[in-house]
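What follows is a short report on a single structure.
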Amino acid sequence: MKTSVSREHIYHKYLQEIIRRGRLKENDFWRINRAGILYFRSSHGGCQLIVSYKQLRKQSKMLRSRVNEGVVFLRRFVGAPRQVGSVMPSSPYLTRAMMDKIEWNDVQSIAELGAGTGVFTRAIVQKLKQSGHLLVFEIDPTLKAMIEAEHPGVTVYGDARELPRIMSGNTRQLDCVVSSLPFAVLPPRMTASILDAIDKTLKPGGKLIAYQYSKHMKPYFEKRFARVEISFVLRNVPPAFVYECTKAIEGVMK
């Protein structure tokens, strides 16, 4: 009985949403079959599949997970605003904008700095080739534990300034660095140390993909990289600038 009520409640909410979006009219016929599949007959005729209960449950769980991440993120921001740098995790639109800057077929080694709740980590793990190597850095212990719990095979390190030391045993340099670090609010010496660490470990022609909430870092990136391109993502809280910074290739880019 409890499952039935839960199912009806979820379908009711979903029907309200698709009516609001104009996909279904209130006078259209709809029904749910024994397998839990929702169908409707539109005013234009024809019976069309909408969604299964299993799909709705999955969407509902994903939404709850995102809400929970947001709550944790907000709490960590209140406790340490300079470490976290934002009140909300990155939106799917910002995630897509960041990931689209990376040529995944050419990436064998990648580092993520300031992973937060693991929004970008999730996307990187999905896109990185099986033979690829990922280094994740998150200094906040609560957020670090969240990432390690979700990705047992990924080692999460603390201070991003330790990147050269951690990379010291590797003969291959990084192809790409993805950063969510709030450089604009970090102490200037810390920002410089982190950028030094990136410069030491990123290969010639490699990329730093970073987002910021202003263009404050533009001149600092331009001093260190051969090419800096900026795009803007409005659909994020707050809206963000995405920096695509390419390291010089000796004798070619500088």
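Since every read-out is calculated from the coordinates, none of them should be taken as a lab result. All of these numbers come straight from a predicted model, not from anything done at the bench. So basically every Cβ, Gly included, is an ideal-geometry build from the backbone, and we count neighbours across all protein chains shown.
Numbers at a glance
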quantity: In the stretch 104-138, the residues that are over 17 Å from the mean Cα position of the chain (by Cα) and not acidic (Asp, Glu); calculated: ASN105, VAL107, GLN108, SER109, LYS129, GLN130, SER131, GLY132, HIS133
quantity: Close pairs from the stretch 197-209: first touching a residue at least 12 places away in the same chain (Cβ under 8 Å), partner of a type in the set (Gly, Ala, Ser), Cβ under 7 Å, at least 6 apart; calculated: ALA197/ALA160; PRO204/ALA248; LEU208/SER179
quantity: The stretch 199-216, subset in contact with a helix residue (DSSP H, G or I) (Cβ under 7 Å, 6 or more places away or on another chain) and surrounded by 20 or more Cβ atoms within 10 Å (Cβ to Cβ), residue farthest from SER168 (Cα to Cα); calculated: GLN212
quantity: Top-ranked residue of the stretch 165-191 - restricted to ones that are basic (Lys, Arg) and without any contact (Cβ under 8 Å) to a residue 12 or more places away in the chain, ranked as farthest from LYS207 (Cα to Cα); calculated: ARG189
quantity: Subset tally (residues that are surrounded by 15 or more Cβ atoms within 10 Å (Cβ to Cβ) and either in contact with a Cys (Cβ under 7 Å, 6 or more places away or on another chain) or farther than 14 Å from VAL156 by Cα (or both)) for the stretch 125-141; calculated: 2
